[in-house]
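The structure appears right after this line, and notes come after that.
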Amino acid sequence: MTATTELASFVAAHADFPPLVTSRLRDLFLDYLGNSAFAAAEAENGPAVRAAIRSLDPGEGPGTVIGESRGYAWPYAALLNGCYAHSLDFDDTNRLQVGHPGAPVISAALADAERLGVKGNAFLDALAIGYEVSCRVGAAVGPTSYDRGFHLTSTSGIFGAVAAVARLRGFDAETVENAFGLALSKAAGSMQYLANGAWNKRLHPGFAAHDAIVAATLAESGVRGASAAFEGQYGLLNGYSADPHPEALTDGLGEEWLLLETGIKPYPSCRFTHAPIDATLALRERISPAEREKAALEVELSPTAMKIVGEPLPAKLDPRGSVDSQFSVFSQVALAWLDGTVGWSSYGRLPDEDVRRMTTRVTTRSADLGAHGTTVTVRIDGRTLSETVTAPLGEPENWVGDKALREKFTGLAVPVYGEQRAEEIVAAVSALGADTDLRALAGLLRR
């Protein structure tokens, strides 16, 4: 049995889920909904993307898009939800996948679950399968994929999205394998957006969710897909990685749940900036306000993090928009140091002179600290203070907790839905299970 065949069999037949998987998925789903709703209303890319999709899909459709009143055709609903979920860069991350599993997986699953009218337990079941496949495929491809310019959120996420849809539709293993083979030809997402702060990245999970529905529907109709989609000569691992780890696809499959390594973000920026933000906030409390603007800060980052957020490139040293800043540890540390917080409103501060000046006082260097670890050192008037963070806030071993998660959700959702509707959504997600009608839940998500 090949790895692709084994994964396909897992999607088609696995039935045993630890209780923590189900409870964690409810948390991740609530987080997804808050991010998507706020982005639909506030993200700067929203109006243009929405206008384009409405041109492609001009008629009122049945599919719910979070934070909108108008319905869309199912694949386009998935595309918009995937885009919104990732537009703030505030969505969940999995350190083994080195990407964001929720945005593509939930977006595809939500569209198909609403279409099929399934119950909440079937929806959670599909999310568990989809997350696990996405995380395992990302772990197998590995971080060298970024060196080749691929965005793992979408190149691995499409397979998780296919798995979730396949699970909802009750595919047998052969049909799942065909869907994987078809999705291989749609696995895409370029890191070139870093050159100019482009919105490509925000669209990647939407493309993946949309294309997953297309690939699954083709397979369901009998279209044959490529075999050995993952381990083949021209499969994902050989084409998208310089150092693949094929064992990650199947080792402990169904017993060890990689999805439980998924974290929730407390800041709307690249996850590689989060440990530096945590360390900076801790150091800030030890320095008087009068001294802060005199500080110089050095940030040690892993080699992978350096490539994505730490290289002193013009767009990172002088960010012109939110995407530039989200992928600049210089900018994120400066904002945290000056304001004691980093939120979506922080990006309105980018032109301010004190922020621009503080950004120039942040430097970086590479160190072996683990992928997401950091040491931040501050120097002021001959004094030196350091703070090391190995697991940023929101990782499983440093979990945000129910109170912080709910505060994050309400902070994002209340401006869109109002307090009463936001509370209704919290209650519906908390009770998500066998008695939940996904169509009724989707109706709550419209504005």
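For the range 370-447 versus the range 102-172, the spacing of their alpha-carbon centroids is 21 Å.
Only Cα pairs under 8 Å and 6+ residues apart enter the sum, and on that basis the relative contact order of the range 141-250 stands at 40 percent. Here the Gaussian network model covers the chain, with springs between Cα atoms less than 10 Å apart; of L28, L249, L369, L369 fluctuates the most. Note on the chain: GNM, Cα springs under 10 Å; of A113, A122, A434, the largest mean-square fluctuation is that of A434.
Over the range 67-119, Cα pairs under 8 Å with separation of 6+ residues give a relative contact order of 38 percent.
Pairs of Lys residues in the chain, spaced 8 or more positions apart or belonging to different chains, with C-alpha separations under 25 angstrom: 11 in total. Tell me which GluC sites (Glu not before Pro) from the range 230-280 have a DSSP coil assignment and no more than 15 other beta carbons within 10 Å of their own. Answer by residue number: E255, E256. In the chain, helical runs assigned H by DSSP with n ≥ 4 each contribute -39500 (n - 2.57); averaged across all residues and rounded to the nearest 500, the mean residue ellipticity at 222 nm is -16000 deg cm²/dmol. Here the contact order of the chain, divided by its residue count and restricted to Cα pairs under 8 Å and six or more residues apart, works out to 21 percent.
With distances taken between every two different alpha-carbon atoms, the chain has a Kirkwood hydrodynamic radius of 21.8 Å. Using Cα atoms only, what is the angle between the long axis of helix 200-220 and the major principal axis of the chain, expressed in degrees (0 to 90) to the nearest 10? Between helix and principal axis, roughly 10 degrees. Going through the range 278-317, which GluC sites (Glu not before Pro) have at most 10 other Cβ atoms within 10 Å and a DSSP loop state? Hits after loop and neighbour filter: E285.
For the chain, with the dipole built from +1 on Lys and Arg beta-carbon atoms and -1 on Asp and Glu ones, taken about the Cα centre, which of T360, N121, G149 lies farthest toward the positive end? Positive-end residue among those listed: T360.
Highest mobility in the GNM of the chain, judged by mean-square fluctuation with C-alpha springs under 10 Å and restricted to S366, S156, S325, is found for S366.
Of the residues E60, E6, ranked by 1.4 Å probe accessible area with the largest first, the sequence reads E60, E6. Only protein atoms count toward the accessible area here, which uses a 1.4 Å probe; on the range 331-447, the carbon and sulfur part of that area reaches 48 percent.
Estimated translational diffusion coefficient (Stokes-Einstein, Kirkwood radius over Cα pairs, 10 °C, 1.306 mPa s) of the range 271-389: 115 µm² per second. Charges were assigned to the Cβ only: +1 to each Lys and Arg, -1 to each Asp and Glu. The resulting dipole of the chain about its Cα centre is roughly 1100 debye. Averaged over its residues, the chain has an accessible area of 36 Å² per residue, based on protein heavy atoms and a 1.4 Å probe.
The values are calculated or read from the model by the stated rules, or taken from the named source; none is laboratory data. Since the model is a prediction, treat every value here as computed from it, not as a measurement. Backbone-built Cβ (ideal geometry, glycine too); neighbour counts: all protein chains shown. Only protein heavy atoms, including side chains, enter the accessible area calculation; ligands, DNA and RNA are left aside. Shrake-Rupley method; radii C 1.70, N 1.55, O 1.52, S 1.80 Å.
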